[in-house]
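Student: First the structure, then my questions, so here it is.
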Amino acid sequence: MKQIKLVFGVAAILAAGFAAAPVSAQNYPNQRVTIVVPFGAGSVTDILARIFADEMGRRWNQQVIVENRPGLAGTAAAAKAPPDGHTLVLTSNGHTVAGLVTKDPPFDPVKDFAGITRIGSAPLFLISHPEVPAKTLKEVIDLAKAQPGKLNFSSPGLASTTFIAGAQFRRAAGINIVHVPFRSAPDAVTAVIRGDAQFYFAPVNLARDQSAAGKVRAIAAATAQRIPEMPDVPTFTQAGLPFVYDSWFGLITQAAVPKPIVEKISKDWAEVLKTPEVKEKLAKQFLIGVSDTPAAMDKIIRDETAALTETFKAAGIGAQ
């Protein structure tokens with residue numbers, strides 16, 4: 001009996017040893033990869049995460065799953081996951097304002113994470129409820145100035161890219177419109193369609209489809225050039241307000257993940273992004289595929305965090 005116990009004891013030790021075998025860039029990933037999305041299903045971030053999961057799962061020959069955990073809690077939990085590269089976060093540039101909109105944030109968006117790469121960007125349109133008595137950007141701004149604090153814009157939350165777009169638009173136009181957060185992007189859009197909110201920054205497909213159906217009005221594109229799918233809608237600059245907003249979505253992981261693993265993930269995405277299949281998937285969602293080096297992604301996060309700190313202070317936006 002003692003001999004049997006000894007055999008089992010040795011087996012357990014060996015099994016534990018194999019389970020604890022360190023992962024390296026050469027054998028990464030050696031288990032399931034989880035992509036945490038701090039937004040609800042159906043959001044642009046979620047769509048990009050699922051495209052990434054499908055493609056990288058095939059490339060890595062490993063299961064890659066998407067876990068929707070709206071709000072800061074999901075990102076905070078991911079920050080505490082084992083730093084082996086098997087827990088990633090696909091977030092938006094809303095990640096850079098986590099420490100600006102929340103008192104005692106559960107993580108530091110710069111220090112606690114390593115940037116891997118941007119995944120894509122999504123052109124945004126300012127849309128309004130059809131009954132808002134303003135059909136052009138100038139009329140919207142004039143109406144907001146005439147009724148300070150009376151109009152509002154919706155978003156999926158304080159750390160969403162649409163919230164940042166609204167905050168920056170508010171500052172650029174010198175207007176006072178109130179932010180109304182919702183649980184998800186679909187809820188924020190529905191609020192405008194119903195008239196519960198007046199404005200929202202929407203991606204191309206949503207702005208095009210809902211404006212064509214007469215459910216919303218497309219006011220202006222927050223892009224450098226007009227979007228071919230909506231050629232009749234001017235850019236903000238063309239409509240009289242120099243304003244361009246880059247809505248990006250990127251991949252991050254724990255700061256302690258070994259650099260070779262971070263670099264491998266970044267390079268693998270850059271290779272996958274070259275394929276016609278992925279380009280077609282992104283184009284169908286009106287998304288622009290992007291890839292960066294980890295160093296470039298880190299710089300984007302640092303620089304945007306600093307820039308938005310100034311923007312939020314100037315706009316009087318503080319932690320809640």
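Student: Note down all Cβ pairs under 9 Å where the first residue falls in segment 103-119 and is within 22 Å of Leu273 (Cβ to Cβ), the second is at pLDDT 90 or above and among the acidic types (Asp, Glu), and they're at least six residues apart or on different chains.
Tutor: Hits for this filter: Phe113/Asp298; Ala114/Asp298; Gly115/Asp292; Gly115/Asp298; Ile116/Glu263; Ile116/Asp292; Thr117/Asp292; Arg118/Asp292.
Student: Quick test of your reading of the structure: Pro260 fulfils all but one of (1) in a helix (DSSP H, G or I); (2) surrounded by fewer than 17 Cβ atoms within 10 Å (Cβ to Cβ); (3) under 19 Å from the mean Cα position of the chain (by Cα); (4) not polar (S, T, N, Q). Name the failing condition by number.
Tutor: Pro260 satisfies all of (1) in a helix (DSSP H, G or I); (2) surrounded by fewer than 17 Cβ atoms within 10 Å (Cβ to Cβ); (3) under 19 Å from the mean Cα position of the chain (by Cα); (4) not polar (S, T, N, Q) except (3).
Student: Somewhere in segment 262-277, is a residue touching a residue at least 60 places away in the same chain (Cβ under 8 Å), within 30 Å of Phe113 (Cα to Cα), touching a Leu at 6+ places or on another chain (Cβ under 9 Å) and of a type in the set (Lys, Arg)?
Tutor: Looking through segment 262-277, none of the residues is touching a residue at least 60 places away in the same chain (Cβ under 8 Å), within 30 Å of Phe113 (Cα to Cα), touching a Leu at 6+ places or on another chain (Cβ under 9 Å) and of a type in the set (Lys, Arg).
Student: Conditions: (1) assigned by TED's automatic domain parsing to the domain that holds Ala79; (2) acidic (Asp, Glu); (3) modelled with pLDDT under 95. Asp187 meets all but one. Number of the miss?
Tutor: (1)
Student: May I pose another question? Taking segment 219-232 only, how many residues are part of a loop (DSSP other than H, G, I, E, B) and farther than 19 Å from Gln285 by Cα?
Tutor: The total comes to 2.
Student: Being among the β-branched types (Val, Ile, Thr), free of Cβ contacts under 8 Å to residues at least 40 places away in the same chain and in a strand (DSSP E or B) is the filter here, so list the residues in segment 65-101 that pass it.
Tutor: First, the residues of segment 65-101 that are among the β-branched types (Val, Ile, Thr): 65-66, 75, 87, 89, 91, 96-97, 101.
When the remaining residues are screened for being free of Cβ contacts under 8 Å to residues at least 40 places away in the same chain, the result is 65-66, 75.
Correct list: Ile65, Val66.
Student: How many residues does segment 167-218 contain that are over 20 Å from the mean Cα position of the chain (by Cα) and either part of a strand (DSSP E or B) or on the phi > 0 side of the Ramachandran plot (or both)?
Tutor: The qualifying residues number 6.
Student: Looking at segment 26-36, which of its residues are in contact with a Lys or Arg (Cβ under 7 Å, 6 or more places away or on another chain) and free of Cβ contacts under 8 Å to residues at least 60 places away in the same chain? Explain how you work it out, then say what you get.
Tutor: At the first step, the residues of segment 26-36 found to be in contact with a Lys or Arg (Cβ under 7 Å, 6 or more places away or on another chain) are 28, 36.
Residue satisfying the conditions is Val36 alone.
The values are calculated or read from the model by the stated rules, or taken from the named source; none is laboratory data. This structure is a prediction, so every number in the text was calculated from the model and none was measured. So basically every Cβ, Gly included, is an ideal-geometry build from the backbone, and we count neighbours across all protein chains shown.
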